[in-house]
1. With an 8 Å cut-off on Cα pairs and a minimum separation of 6 or more residues, tell me the relative contact order of chain B in percent.
2. Using helices alone, what [θ] at 222 nm do you get for chain A, with -39,500 (n - 2.57) per DSSP H run of 4 or more residues, divided over all residues and rounded to the nearest 500?
3. When a/c is below 1.5 the answer is rounded, else prolate if a/b is larger than b/c, else oblate, so apply that to the stretch A:5-53 with a ≥ b ≥ c taken from the square roots of the Cα gyration tensor eigenvalues.
4. Once amide H atoms are placed 1.01 Å from N in the peptide plane, what residues at a sequence separation of 5 or more from B:ARG13, or on another chain, have their amide H within under 5 Å of its amide H?
5. Taking only Cα atoms, what is the 0 to 90° angle, nearest 10, from helix B:86-102's long axis to the longest principal axis of chain B?
6. Around B:GLY31, which amide H atoms from residues at least 5 apart in sequence, or from another chain, sit under 5 Å from its own amide H, with H modelled in the peptide plane?
7. Relative to the first principal axis of the alpha-carbon coordinates of chain A, what is the inclination of helix A:22-34, with its axis defined by its Cα atoms, in degrees from 0 to 90 and to the nearest 10?
8. Could you check the spin-label model distance between B:ASN81 and B:ARG164? Points 7 Å from the Cα along Cα→Cβ, value in nm.
Amino acid sequence: MRFAKPLAKLVAEFEKLPGIGPKSAQRLAFHILRISDDQARALAEAVLDVKERIKTCPVCFNFTDQELCEICADPERDHSLLCVVAEPRDVAAVEKTNEYRGLYHVLGGVISPMDGIGPDALRIQELFARLADGTVREVILATNPTIEGDTTAMYIAREIRSTFGDNVRVTRIAHGMPVGSDMDYADQATLIHALQWRREI
Amino acid sequence: MKVYVDSGIVIRRIDLGEKDRILTIYTKEYGKLSAVAKGCRRPGSKLAGPSEPFVHSKMMFAAGRDLDILTQADVRESFPNIRRNVTTASYAIYILELVDKFTEERQPNSELFDLLLSGLYMLESETDPELTTRYFELQILKALGYEPHFEACLRCGNLPRSGRIAFSPSLGGIHCCSCSAVPNDAISIPVALVSYARVLKAVEPNRVRDLRFPTGARRDLARVLKWHIRYRLDSDLKSVNFLPQGHIGAATQPRSN
């Protein structure tokens, strides 16, 4: 059976979303038909609103609806500490901890030779522009502990050292045994790391 | 064949949904295959480590409807030294891409598996990464029957003693430049390069670390192999631009390093 045109269009739009197959798209579309007009309008407005008002912060490249994002504009935060992450969602992850009081820099991806993504495709130049005025004393590299994340961190660390020498401290987030995991299943690389960077308790 | 076990090296991975990845694995018995590693992107997942590129594990697969599922993996070697250094990591990734591009799924070639493993061990043990990669390029071409010939001119069988000769990817080897018309895809190389190429073709993997090649020979060999591989694959490898000397031979006019 073919759907009526407006319904078919909605199904087709849902199908374009990540992880949504043809069946899920139909289910969502039928659900939209059942909800109240107000709910449907709220959804439509939220979609348009987010596209209209969300921009990237010109300093850290996190998503924001202000000129400057809340974190960059906050005078209470430590402007000498900069946490470099791959994606805006990583900022949210670090923020959730309530532990970190410094600023962020979103690279917009990681170096991935297999996908042809090099340092030039990331916001590394912008990172260096931020470091140039000498306010930042420490850069924390918080990319994923995957081959791409490690490569990105090593690349940035090398470049910062060769440009700024000892003026900027470069650190990498710790990796080792995840909370609630099993020694038996830890891979060699993780265990080596965990042993090398063990600490006294 | 419901469940099977094999030694495998992850050569590529792409994210699938929220928590999963599709891995491309080069296995000893089955050749290249794709399998889903379910939940491997969750922190603490038992499959997280074994799903990283160039990790070598003993793996158990369950045959699925479309894709097979990686159900268990026991890491044999994760090559921590390769990961510690941007340069060796870039060479290792290039080697993985070579294997990926040169092979079809489910075409067993245990010789190629052993070659890949020894290439990774060479990078891990800090053998000169550039020579290791050249060695690997020559050996993978040999294993697949695309071996470039450096013995003598492929048209007349002579080899000039000095000066320059041509290397032609379409001919599959060298041309002396004097017996017949030079193929139009030929690049000019010094005669001296053929002896370096022959040494690297014949050497045992554990002797590569003893070889000393001058800069010029390294550059020319990189260029020759890049052209030869490009001709065979009909495309460029993405990761080649990330190698320290990756730009050599990218243009027809070789630039200096």
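1. 14 percent
2. Result for chain A, helices only: -13500 deg cm²/dmol.
3. oblate
4. B:THR24
5. Long axis of B:86-102 versus the principal axis of chain B: about 90 degrees.
6. Result for B:GLY31 returns B:ASN109.
7. 60 degrees
8. 3.9 nm
The values are calculated or read from the model by the stated rules, or taken from the named source; none is laboratory data. Since the structure is predicted, the reported quantities are computational estimates derived from the model, not experimental observations. Cβ coordinates were reconstructed from backbone atoms using ideal geometry, including for glycine residues, and neighbour counts include every protein chain displayed. The area values use the complete protein model at the heavy-atom level, side chains included, leaving out ligands, DNA and RNA. Shrake-Rupley method; radii C 1.70, N 1.55, O 1.52, S 1.80 Å.
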